[in-house]
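Each remark here refers to the structure printed beneath this line.
Please treat every number below as a calculation from the coordinates, not as lab data. Everything numeric here is computed off the predicted structure, so don't read it as measured data. Using ideal geometry, Cβ is built from the backbone for each residue, glycine included, and neighbour counts are taken over all protein chains shown.
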Ligand SMILES: [Ca+2]
């Protein structure tokens, strides 16, 4: 349960990220001759008879041109999952860095990252060359998201998104947009919509992309004609690199550094608070206030305080690429875990 709550805490932020992403236009409609035959054998739930679901079908048909009967058949087999609503309503556990870090910085996860790096070295190096994004950071993101594909989630994506669209009013607008995007993906791939698996919040595949992120940022990195983030780690590698590149990743840019803060009250006004924003502080200014580091740069930084235990803090500066990682998940602790895991993988690979 701890893992679940942690995931929730970070995923809330991921959703916001996906919300503000800039999805590309829906792909060209596929020939739908076979689509009705691709539904799996599933009990009828008759969900489409609900007026809100019928409205959604109408709206989706008008917005995307997807065959209405296909939409109706799909929704009529989609299942509301009360346990997903329960999980969303469970308060997220308040967690400091001292508890967050050991969840991700484990021997298994570091070793898994080194193995993943060697297994997919060619794709990772190609992604680094094409997109300029660090191969170790790509690996670490996939490691934090799904333990390198081991935990991709086992909910039918359409059930998860239907549940959250129609039984979770607080985020209904967000999730019904994701459901619509997902239906476009399944329809265009001419695949059984119930064959796609993901987390209970609808995040999909190795990199846990929400459908809107898939639409905007997924790439076919092995050139087989399919953007398969569910089962193809090579496509996942290219897609994570593309996601970070499109959010402004700087080739060979700095990431993070731990610093000493000798005068906490003097430095405190510069601690990052509230929503994460691009770095804007001059390091020389911080040094005058007692922030100690051997780094010399004119690149702007963000000064961050992380609580290890009550009264015991670590201080880090984040550079622009650290900020870019927070576009994947708007949490400084997430980005710090990814950065440290990436460094650990880099050291051992
Ligand atoms: Ca592919």
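Points to keep in mind about this one:
- In region 38-64, the residues that are surrounded by 13 or more Cβ atoms within 10 Å (Cβ to Cβ) and in a loop (DSSP other than H, G, I, E, B): 39, 42, 45, 50
- Test: residue in region 203-211 that is crowded, with 24+ Cβ neighbours inside 10 Å, part of a helix (DSSP H, G or I) and either touching a residue at least 12 places away in the same chain (Cβ under 8 Å) or within 14 Å of the ligand (Cβ to nearest atom) (or both): yes
- The conditions of being surrounded by 18 or more Cβ atoms within 10 Å (Cβ to Cβ), part of a loop (DSSP other than H, G, I, E, B) and in contact with a helix residue (DSSP H, G or I) (Cβ under 6 Å, 6 or more places away or on another chain) are met by residue 219.
- Counting only helices (runs of 4 or more DSSP H) that fall entirely inside region 236-349 and contain at least 3 residues that are on the phi > 0 side of the Ramachandran plot and touching a strand residue (DSSP E or B) at 6+ places or on another chain (Cβ under 8 Å), no element qualifies.
- Test: residue 290 is surrounded by fewer than 18 Cβ atoms within 10 Å (Cβ to Cβ) and in contact with a helix residue (DSSP H, G or I) (Cβ under 6 Å, 6 or more places away or on another chain): yes
- As a summary of the residue check, residue 177 satisfies the conditions (1) part of a loop (DSSP other than H, G, I, E, B); (2) in contact (Cβ under 8 Å) with a residue 12 or more places away in the chain; (3) away from the ligand (no atom under 16 Å from the Cβ); (4) surrounded by fewer than 24 Cβ atoms within 10 Å (Cβ to Cβ) except for the one numbered (1).
- Index of the failed condition, residue 283 passing every other in (1) within 25 Å of the chain's Cα centre (by Cα); (2) more than 28 Å from residue 99 (Cα to Cα); (3) away from the ligand (no atom under 16 Å from the Cβ); (4) buried (at least 18 other Cβ atoms within 10 Å of the Cβ): (1)
- Number of residues in region 212-235 that are within 12 Å of the ligand (Cβ to nearest atom), over 26 Å from residue 42 (Cα atoms), in contact with a strand residue (DSSP E or B) (Cβ under 8 Å, 6 or more places away or on another chain) and in contact (Cβ under 8 Å) with a residue 40 or more places away in the chain equals 0.
- Residue selected from region 225-235 under the condition in contact with a helix residue (DSSP H, G or I) (Cβ under 8 Å, 6 or more places away or on another chain) and part of a loop (DSSP other than H, G, I, E, B), by the criterion surrounded by the fewest Cβ atoms within 10 Å (Cβ to Cβ): 226
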